[in-house]
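**Student:** Sharing a structure here in structure tokens format.
The values are calculated or read from the model by the stated rules, or taken from the named source; none is laboratory data. All figures in this text were calculated on a predicted structure; none of them were measured in a lab. As a convention, Cβ positions derive from the backbone with ideal geometry for all residues, glycine included, and neighbour counts pool all protein chains shown.
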Amino acid sequence: MKYAYYPGCSLESTAKEFGESTVLVAEALGIELVEIPDWNCCGATSGHALDHKLSIALPARTLGIAENMGLDVVAPCAACYNRMKSAEVAMKSDEALRSEINSSLANPYEGKITVHSALEIFTAPDVLNRIKERVSYPLRGLKPACYYGCLLLRPPKIVGFDDPEAPQRLDEAMCAVGAEPVEWYFKNECCGASLGISKSAVSVKLTGDIISNAKKHGANCIVTVCPLCLTNLEMRQGAAGKMRGEDLTMPVFYFTELLGLAMEVPGIRKLFASHLVDVNPALDAIEQGEPVPAGAEG
Amino acid sequence: MTNFSNKVTSLVSENAQCCCELSLVEGPTGSELKRRIQELCGENVLECYQCGECTAGCPVAYAMDIAPNQVLRLAQLGLEDEVLGSSAIWLCAGCETCATRCPKGVALSRVMDACRQLALERGIKPKEPEIAKFHDQFLTEVKRFGRVHELTLTALYKVRTKDFFSDVFTGIQMFLKGKLALIPSLVKGRDEIRRLFSRSRHGSEDS
């Protein structure tokens, strides 16, 4: 299995642990990821917020380069995935738009390749089976609230590889590595996305709602598929806790970190140090459930 | 107040068989706002029959000056200033919950995008200036580097909004954890990127 890899801007900086864990887990599973040369930003929320055509044109440039490589694209970041997929669908369905945008591109995109999210790739039935076989450190005792957020699931006509109201794929991935995901109500609620920077009070309120509900349902961590979700949940939990008068301290992981941890992929544990919220309480919960096997990575 | 009685003639289309087929019929003068929205995003605001599902599921509705379903209603009536001057169109986080749940298939999130574009086009001052500045600074970064350099983005955004102190501690923490690269990573095909911008609306502004 071989894919064109689109890290996107966040996975090179604020979400570097997401990028590194995706690459490490893929490698361990024999999935080859080839970074798309000279990829550009997908435009994210700001692109479609201000300019529809630009929001298609920016990802189309990267898709054109990937098409030249002859490979389907994997975009782990939920926002990048959503924008790339929206561009794919628009370019495939609107011939006039396709030829207009392609006329400005060095590598035109003809719609021959498709875009996948990392969750989609890692939870394909055969890959999920391989993950199950590779688990050497089951995450028993870890009770993640699986947080899908918005952009991975919506709009279902465009992204749609999971149920937009009752998504399961992340829960399946967590069960495969021995964790015990909780049932809760905020799986697909929004964290405020980029309002986290430009209107942080909104993200504080939404983060409070999300983490409080996860706690109420017995979660000892939250697992995400989106850099913006993780950043908002980590950055705003202190203020949200103060606002609600509750202790909302909650470790937050990228799902690829937990897959790698259960598979004892070398190099995964050192990524935990880059989290803004201490993840050790969640890691300790695992070790209580299962003694650390001999020779486990320190 | 705009005379909107001649913009929508009847409440429902005549041959509707069930409630999901209900939609407003455009009056003889129509609404310019409705037309421009449809041109920009393909959505027909007359499809909305005001069930309120969009507002019920909207995570940010509580902070908006007019509710999401009201944005659609005012757009149906052609009340441009009320829609384009609202905080609602800027506060929309683009989470697409409304678009997913609308029984009439109206993607309100896309209507919100179109309204922001129209507001900028017509020089209407954004009611949430910080959000508008953030989006603009973000695209300026992409135009300049081809990618977003989070350190420059945050620094310049803070200069533009004169907010120097919020989240500085978190910023330092991120920097110490190696999560904020000092040097922007540049795309080689920046001319190509600029060409994409020059063909778009955003390219015509000096940013």
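**Student:** Could you give every pair whose Cβ atoms fall below 9 Å, whose first residue belongs to region B:126-140 and is more than 23 Å from A:CYS42 (Cβ to Cβ), and whose second residue is at pLDDT 95 or above and among the acidic types (Asp, Glu), counting only separations of at least 6 or pairs across chains?
**Tutor:** Filtered contacts from region B:126-140: B:LYS127/B:ASP65.
**Student:** Check A:THR22 against each of (1) within 20 Å of A:SER117 (Cβ to Cβ); (2) within 14 Å of another protein chain (Cβ to nearest Cβ); (3) part of a helix (DSSP H, G or I); (4) among the hydroxyl-bearing types (Ser, Thr, Tyr) and name the one condition it does not meet.
**Tutor:** Evaluating A:THR22 over (1) within 20 Å of A:SER117 (Cβ to Cβ); (2) within 14 Å of another protein chain (Cβ to nearest Cβ); (3) part of a helix (DSSP H, G or I); (4) among the hydroxyl-bearing types (Ser, Thr, Tyr) leaves (2) as the failure.
**Student:** Now for a different question. Being on the phi > 0 side of the Ramachandran plot and of a type in the set (S, T, N, Q) is the filter here; which residues of region A:103-155 pass it?
**Tutor:** None; the set is empty.
**Student:** Among (1) touching a strand residue (DSSP E or B) at 6+ places or on another chain (Cβ under 8 Å); (2) over 30 Å from A:GLU287 (Cα atoms); (3) not acidic (Asp, Glu), where does A:ARG83 come up short?
**Tutor:** Condition not satisfied by A:ARG83: (1).
**Student:** What number of residues within region A:138-189 are of a type in the set (A, V, I, L, M) and within 11 Å of chain B (Cβ to nearest Cβ)?
**Tutor:** Qualifying residue count, region A:138-189: 5.
**Student:** While we're on this one: Could you check region A:190-222 and list, in sequence order, the residues that are outside any helix (DSSP H, G or I) and surrounded by fewer than 20 Cβ atoms within 10 Å (Cβ to Cβ)?
**Tutor:** Within region A:190-222, A:HIS217, A:GLY218 meet the criteria.
**Student:** Any idea how many residues of region A:1-19 are within 16 Å of A:THR256 (Cα to Cα) and either out of contact with any helix residue (DSSP H, G or I) (no Cβ under 9 Å at 6 or more places or on another chain) or surrounded by fewer than 21 Cβ atoms within 10 Å (Cβ to Cβ) (or both)?
**Tutor:** Matching residues across region A:1-19 total 2.
**Student:** Can you tell me how many residues in region A:33-72 are in contact with a Leu (Cβ under 9 Å, 6 or more places away or on another chain), more than 8 Å from every other protein chain (Cβ to nearest Cβ) and not in a helix (DSSP H, G or I)?
**Tutor:** 3
**Student:** While we're here: Could you pull out the residue among B:CYS95, B:CYS54, B:CYS102 that is within 22 Å of A:SER200 (Cβ to Cβ), within 14 Å of chain A (Cβ to nearest Cβ) and in contact with a Cys (Cβ under 8 Å, 6 or more places away or on another chain)? So that I can check it myself, show each step before the final result.
**Tutor:** Details: B:CYS54 fails: within 22 Å of A:SER200 (Cβ to Cβ); B:CYS102 fails: within 22 Å of A:SER200 (Cβ to Cβ).
Among B:CYS95, B:CYS54, B:CYS102, only B:CYS95 is within 22 Å of A:SER200 (Cβ to Cβ), within 14 Å of chain A (Cβ to nearest Cβ) and in contact with a Cys (Cβ under 8 Å, 6 or more places away or on another chain).
**Student:** Are any of the residues in region A:1-9 modelled with pLDDT under 95 and either more than 23 Å from B:ARG194 (Cβ to Cβ) or in a strand (DSSP E or B) (or both)?
**Tutor:** Looking through region A:1-9, at least one residue is modelled with pLDDT under 95 and either more than 23 Å from B:ARG194 (Cβ to Cβ) or in a strand (DSSP E or B) (or both).
**Student:** In region A:241-248, is there at least one residue being outside any helix (DSSP H, G or I) and in contact with a strand residue (DSSP E or B) (Cβ under 6 Å, 6 or more places away or on another chain)?
**Tutor:** Taking every residue of region A:241-248 in turn, none turns out to be outside any helix (DSSP H, G or I) and in contact with a strand residue (DSSP E or B) (Cβ under 6 Å, 6 or more places away or on another chain).
**Student:** Give just the number: which of (1) at the interface with chain A (Cβ under 7 Å from one of its Cβ atoms); (2) over 30 Å from A:LEU11 (Cβ atoms) does B:LEU118 not satisfy?
**Tutor:** (1)
**Student:** Condition (residue is in contact (Cβ under 8 Å) with a residue 24 or more places away in the chain, touching a Ser or Thr at 6+ places or on another chain (Cβ under 9 Å) and either crowded, with 18+ Cβ neighbours inside 10 Å or at the interface with chain A (Cβ under 7 Å from one of its Cβ atoms) (or both)) applied to region B:158-173: is it met by at least one residue?
**Tutor:** no
**Student:** So which pairs qualify, if the first residue must be in region A:227-245 and more than 27 Å from A:CYS9 (Cα to Cα), the second must be modelled with pLDDT of 95 or more and among the acidic types (Asp, Glu), the Cβ gap must be under 7 Å, and the two must be at least 6 apart or on different chains?
**Tutor:** A:GLY241/A:ASP247
**Student:** Something else: Looking only at region A:190-201, decide whether some residue is under 23 Å from A:LEU276 (Cβ atoms), aliphatic (A, V, I, L, M) and more than 14 Å from chain B (Cβ to nearest Cβ). Let's see the steps before the verdict.
**Tutor:** At the first step, the residues of region A:190-201 found to be under 23 Å from A:LEU276 (Cβ atoms) are A:190-201.
Subsequent filtering for residues that are aliphatic (A, V, I, L, M) retains A:193, A:195, A:197, A:201.
Imposing the further condition that a residue be more than 14 Å from chain B (Cβ to nearest Cβ) reduces the set to none.
Within region A:190-201, none of the residues are under 23 Å from A:LEU276 (Cβ atoms), aliphatic (A, V, I, L, M) and more than 14 Å from chain B (Cβ to nearest Cβ).
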